[in-house]
Amino acid sequence: MLKLDVTITPASKQMVMKVVLCIVMMFSLLGGGIAIAADSPDWNREWKRHIIDDSSRGADGVRLADVNRDRYPDLVTGWEEGGVVRVYINPGQLKAKVTKPWPAVTVGKVGDPEDAVFADLDGDGAVDVVSCCEGKTMSIFVHWAPKNPKKYLNSAAWETEPFPATKGKTRWIFALPMQIDDQGGVDLVVGAKGKNAMVGWLQSPVNPRKLGDWKLHWLYSAGWIMSLVSTDVDGDNNTDLILSDRKGKSAGILWLKNPGGNKSTEKWSEHRIGADGREVMFLDVVDLDGDGRSDVLAAVKTNEIHWFRCPEDPSHPWPAHVVKVELPAGTGTAKGIRAGDINGDSNLDVVYSCEDADPPKRGLVWLQYTNAPTDAKWVTYDISGPQGVKFDLVQLVDLDGDYDLDVLSCEERSEDKGLGVVWYENPLNQKERPKQFWIILVLCAAIITFSIILLRIKRVFLGRSPKRR
């Protein structure tokens, strides 16, 4: 029986390289998976809107985590008017699945949920959910996930309990999982608005399941907390807090210095960043100018983006640069902000969401600078069109696997119900591959395999053995 040695020889390698070159040319001609140039899309093209869920009312913010460890971001949202908290499992990057409603589970029913976030509070490997409630509810809840992964999408397997330390204290609207005291399980930084509003942290006890043992520590007296971001601002290896306060005598942006370890229950020193007295909405922490230090981008009423450059000593004043958000059709007023490379030119752009975006105003746009982030004016492009009145937090993630950043958000006011949890497909790499692409791709793979076999057969019949090195 003829035994074939399919070792790849120099001759076959040369042949394979020629075929690979042909494949590259084919990709270039047919628009295969090679990213197109940053300036080639028409940025007036429609960003296709895809609905993840629109079955309840008042979707209010979306937070991300990979709860099933499949490397795809899953989502959690509180539906304020609907009174439910839901988790959405990412179906993967196949467009046929990700563009349709996602598998979901209602993990709890609570009054006035303003925020929901993932956190494995008891360390059992099952990712729980924490929800913050305002209105008349005024409590923070944990929704315990079932330990059996097969029951994660079973509503009946989830358990909901309030944190006694938060009950009736104030109108809670935001939570941030964070390890603060370097012991036990994950702690929670929490923020509120209105009467008795504060930023504080819930200290995880020895047994996190005993909710009566969680202690609430005060950090800052607030007016209306919008953002809480954890980062080591001053480089001392302790995780600090950057926050935006929308209302009251302390309105603006500031950071709180974590004293660290066993001192974390002591006072955290306050350092102002900027926008004092302004109505600051959500913020993002990102190195916009590439100097190695994390800056702050904030959406500020009415229609401004404020960029605060982190100085070498972050306790000193932060230089500010203000960009007006302008679009011919008009936009709503400032709400959310997130930085990312939208157009594939390796520079950071900004996605900006709005409330009060009654048609024909736009509620979701993106901006890019021309020369540098310090440009007096940035170019603004539409994302959402006139649909949608009140958008919320913005997340940037490649949901469809085409190597560009899509835009994920919630909209809660359109036609009284809201658009729900939605994502907008970035048109950068929306080019459809023609059928000929797939035919040629299969043919090229077949040619490579068949050519190598033919070369080996030829060598066997000619009595030549491949040289071994």
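Per-structure values
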{"item": "Cα-projected label distance for residue 161 with residue 387, points at 7 Å along beta-carbon direction, nm", "result": "4.3"}
{"item": "Residues residue 66 and residue 196, FRET efficiency given R0 of 45 Å [Cβ-Cβ distance, rounded to 0.05]", "result": "0.80"}
{"item": "Cα-Cα P(r), the range 58-99, percent of pairs per 5 Å interval", "result": "6, 24, 22, 21, 16, 9, 1"}
{"item": "Too-long pairs where the Cα-Cα distance tops 22 Å, listed order kept, from 169/257; 48/361; 167/417", "result": "169/257; 167/417"}
{"item": "Label-point gap, in nm, between residue 231 and residue 51 - each point 7 angstrom along Cα→Cβ", "result": "3.6"}
{"item": "Three-way shape call for the range 77-231 based on the alpha-carbon gyration tensor, with the a/c threshold at 1.5", "result": "prolate"}
{"item": "Per residue value of the accessible surface for the range 198-271 (all protein chains in place, 1.4 Å probe), Å²", "result": "43"}
{"item": "Surface share of carbon and sulfur [accessible, 1.4 angstrom probe, percent] for the range 231-386", "result": "45"}
{"item": "Within the range 222-238: backbone nitrogen closer than 15 Å to the residue 313 label point (7 Å, Cα to C-beta)", "result": "234-235"}
{"item": "The range 227-324 - percent relative contact order, Cα under 8 Å, separation 6 or more", "result": "20"}
{"item": "Cα-based shape type of the range 150-198, given that a ≥ b ≥ c are square roots of the gyration tensor eigenvalues and the cut on a/c is 1.5", "result": "oblate"}
{"item": "Mean accessible surface per residue for the range 303-438, computed with a 1.4 Å probe while every protein chain stays in place, in Å²", "result": "40"}
{"item": "Sorted largest first, extent of the range 233-382 alpha carbons per principal axis (Å)", "result": "53, 35, 22"}
{"item": "Solvent-accessible area per residue for the range 37-129 (1.4 angstrom probe, square angstrom)", "result": "42"}
{"item": "Loop-resident sites, the range 267-341, for GluC sites (Glu not before Pro), counting at most 10 other Cβ within 10 Å (DSSP)", "result": "312"}
{"item": "Fully extended contour minus Cα-Cα distance, from residue 293 to residue 341, at 0.36 nm per residue", "result": "15.5 nm"}
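The values are calculated or read from the model by the stated rules, or taken from the named source; none is laboratory data. Bear in mind that the values here come from a model prediction, so they are computed numbers and not experimental data. Ideal geometry is used to build each Cβ from the backbone, glycine not excepted, and the neighbour counts take in all protein chains shown. Side chains are part of the model used for accessible areas, which takes the heavy atoms of the whole protein and leaves out ligands, DNA and RNA. Shrake-Rupley method; radii C 1.70, N 1.55, O 1.52, S 1.80 Å.
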